[in-house]
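The values are calculated or read from the model by the stated rules, or taken from the named source; none is laboratory data. Since the model is a prediction, treat every value here as computed from it, not as a measurement. FYI the Cβ positions are ideal-geometry reconstructions off the backbone, even for glycines, and counts take in every protein chain you see.
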Amino acid sequence: RASGYFTYRKVSGISIETDNKNVKAEEFKEAILSCKHKFSKSVSLRIEWKKIQPQGVSFVYYNSEFTVAPTTPVCEVPSSAMTGTVVQLSCKETEGSPPSEYQWYKNGVALLEKTGTGSARAANITYTMNKKSGTLLFNTVTKNDTGEYFCEASNGIGLSQKCSVKRMQVDDLNVSGIIAAVVFVALVMALCGLGVFYAQKKGYFTRLTFVQKGCQMSGSEKVRCLKVTG
C-alpha cells in the first residue's frame, strides 16, 4: 500500500511543481505522479520521491530504485541465565532496504562495539556485538550483565526502530544446593540398600517365595503351605 504524502523540499534556485497534488488510484494498479522542475545550470540536481507518514519517511524512490525504512525489529532476550554460561541475544528486521544495522542498549545506554582499541578496550568488554547480524554474545556471562536490554535498527532511511525493553537476570550457580541434593539422594540409596540386605539376611525374600508357590497350589495343600510358611 502506497497511500501517504509525496513531497518535495523548497530549495533556492529550483522551481518544482506537479500536475496533480492529490492522486487517487486503485490498489495494485498504476498510479502516475508528476514532478516538473526548473533549475539553473549551476545547480546539481537530485530528484527523489519520499513517502511521508506520521511516523516519518517509510521509503524513498531514487534512480529507479526503492529504499525502504526499517520496521520494528524482533528481539530475543533470555529472562534468566546462570553465571559462567554462554548467552546470545538476537535482533532482526527484514523489511528495510538497504539492510539495517543494529545497536544494542543496556539500561538505556548504547553498548560499545568491541574493537580492541580506545574506550571500548578500556571498558573491559566481555561481550561481542555484531551490528550486521544483530547478535549480542556473552561468552561467559556474569552477574554484572543483569539489566534491561533493547535493540535499535536503522539503515539511514526514515526513523530508526527499536524493540521493547526486556530484562535479563543473571544469578550464581547454587553449588551448595546441588551438593546437598546429591548427598540426600546418596543417603536414600544407601538406606534402600541396607534395607534390602537386612531383608535378605532375615530370609524375608525366601518366605515370600514359598508363599507365592503356595498360592499356585489348590485346596488343602495351599492351606497347609501357608500355615507352614506363616
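Quick one: residue 62 ticks every box in (1) at pLDDT 85 or above; (2) within 17 Å of residue 158 (Cα to Cα) bar one, so which box is it?
It is condition (1) that residue 62 fails.
Which of the residues belonging to region 79-89 are surrounded by 15 or more Cβ atoms within 10 Å (Cβ to Cβ) and either closer than 14 Å to residue 148 by Cα or not assigned by TED's automatic domain parsing to the domain that holds residue 144 (or both)?
Listed by number, the residues that qualify are 81, 89.
So the check is Cβ under 6 Å with 6+ separation or different chains; which pairs have a first residue in region 99-112 that's surrounded by fewer than 18 Cβ atoms within 10 Å (Cβ to Cβ) and a second one that's in a loop (DSSP other than H, G, I, E, B) and at pLDDT below 95?
112/123
Please go through region 136-152 and pick out each residue that is over 16 Å from residue 114 (Cβ atoms) and at pLDDT 95 or above.
146, 147, 148, 149, 150, 151, 152
Taking residue 146 as the residue in question, decide whether it is hydroxyl-bearing (Ser, Thr, Tyr), surrounded by fewer than 19 Cβ atoms within 10 Å (Cβ to Cβ) and within 27 Å of residue 52 (Cα to Cα).
The answer is no for residue 146.
Do we find a residue being hydrophobic (A, V, I, L, M, F, W, C) and at pLDDT 55 or above anywhere in region 201-218?
Checked region 201-218: at least one residue is hydrophobic (A, V, I, L, M, F, W, C) and at pLDDT 55 or above.
Does any residue of region 102-118 turn out to be at pLDDT below 70, part of a loop (DSSP other than H, G, I, E, B), not aliphatic (A, V, I, L, M) and not assigned by TED's automatic domain parsing to the domain that holds residue 141?
no
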